[in-house]
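**Q** I am attaching a structure below and will ask some questions about it afterwards.
The values are calculated or read from the model by the stated rules, or taken from the named source; none is laboratory data. All of these numbers come straight from a predicted model, not from anything done at the bench. A quick note on method: Cβ atoms are made from the backbone with ideal geometry, for glycine too, and the neighbour counts reach across all protein chains shown.
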Amino acid sequence: MRALTIRQPWAAAITYADKRVENRVWPTSYRGPVLIHAGKTVDRRHGPMVAAVVRGLQLDLGAVLAVARITDCHPDDGECTPWSTTGTFHFVLDEVTALPLPIPWPGAQQLWTPPAVLVEKVREQLSSETAAHVLREEAGPC
């Protein structure tokens, strides 16, 4: 299990909208469950695009909002989704499941390992079927 801190409004776009790729300047070989954590800052660099994304979305800061699965990571190979950014690595996210209540928690840079107490708080908000399916670990590199 890993967690990924993402600035708002992008964390909300993953959690509540259709953003299924996270753009990073570094690759990962990790595949498996990931907590989507909203950082404490808002990315205001993209002006009108940011306004369009946040309209109607809740922008919790400093909290875990969802759980998802990283199923692929590939270098920019053209626009794989409307959310893709050229010149970056695209972390492909599937099975995004919003938590009913955001869980306040400090984040970290890169992919980070959430403590057991945080993972348990996430499990408490998911049905047993969803938790078993989305949070399952897979063999492979991390």
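**Q** For region 91-110, what are the residues that are under 22 Å from Cys73 (Cα atoms) and not hydroxyl-bearing (Ser, Thr, Tyr)?
**A** Phe91, Val92, Leu93, Asp94, Glu95, Val96, Ala98, Gly107, Ala108, Gln109, Gln110
**Q** For the condition touching an Asp or Glu at 6+ places or on another chain (Cβ under 9 Å) and modelled with pLDDT of 95 or more, what is the one hit in Ile6, Ile103?
**A** From the options Ile6, Ile103, the qualifying one is Ile6.
**Q** For region 50-91: of the residues being acidic (Asp, Glu) and in contact with a strand residue (DSSP E or B) (Cβ under 9 Å, 6 or more places away or on another chain), which is modelled with the highest pLDDT?
**A** Applying the first criterion (acidic (Asp, Glu)) to region 50-91 yields 60, 72, 76-77, 79.
Going one step further and asking which of them are in contact with a strand residue (DSSP E or B) (Cβ under 9 Å, 6 or more places away or on another chain), we end up with 60, 72, 76-77.
Values: Asp60: 93, Asp72: 96, Asp76: 87, Asp77: 76.
Looking at the filtered set, the residue picked out is Asp72.
**Q** Considering only region 117-133, I want to know if a residue exists there that is touching a residue at least 60 places away in the same chain (Cβ under 8 Å) and either on the phi > 0 side of the Ramachandran plot or among the hydroxyl-bearing types (Ser, Thr, Tyr) (or both).
**A** Checked against the condition, which is being touching a residue at least 60 places away in the same chain (Cβ under 8 Å) and either on the phi > 0 side of the Ramachandran plot or among the hydroxyl-bearing types (Ser, Thr, Tyr) (or both), region 117-133 yields no hits at all.
**Q** Something else about it: In region 128-139, which residues are surrounded by 11 or more Cβ atoms within 10 Å (Cβ to Cβ) and part of a loop (DSSP other than H, G, I, E, B)?
**A** If the condition is that a residue be surrounded by 11 or more Cβ atoms within 10 Å (Cβ to Cβ) and part of a loop (DSSP other than H, G, I, E, B), then Leu135, Arg136, Glu138 are the ones that fit.
**Q** What is the residue count in region 100-116 for residues that are without any contact (Cβ under 8 Å) to a residue 12 or more places away in the chain and farther than 12 Å from Leu35 by Cα? Let's see the steps before the verdict.
**A** Let us first name the residues in region 100-116 that are without any contact (Cβ under 8 Å) to a residue 12 or more places away in the chain, namely 115-116.
Those left that are additionally farther than 12 Å from Leu35 by Cα: 116.
Of the residues in that region, 1 qualify.
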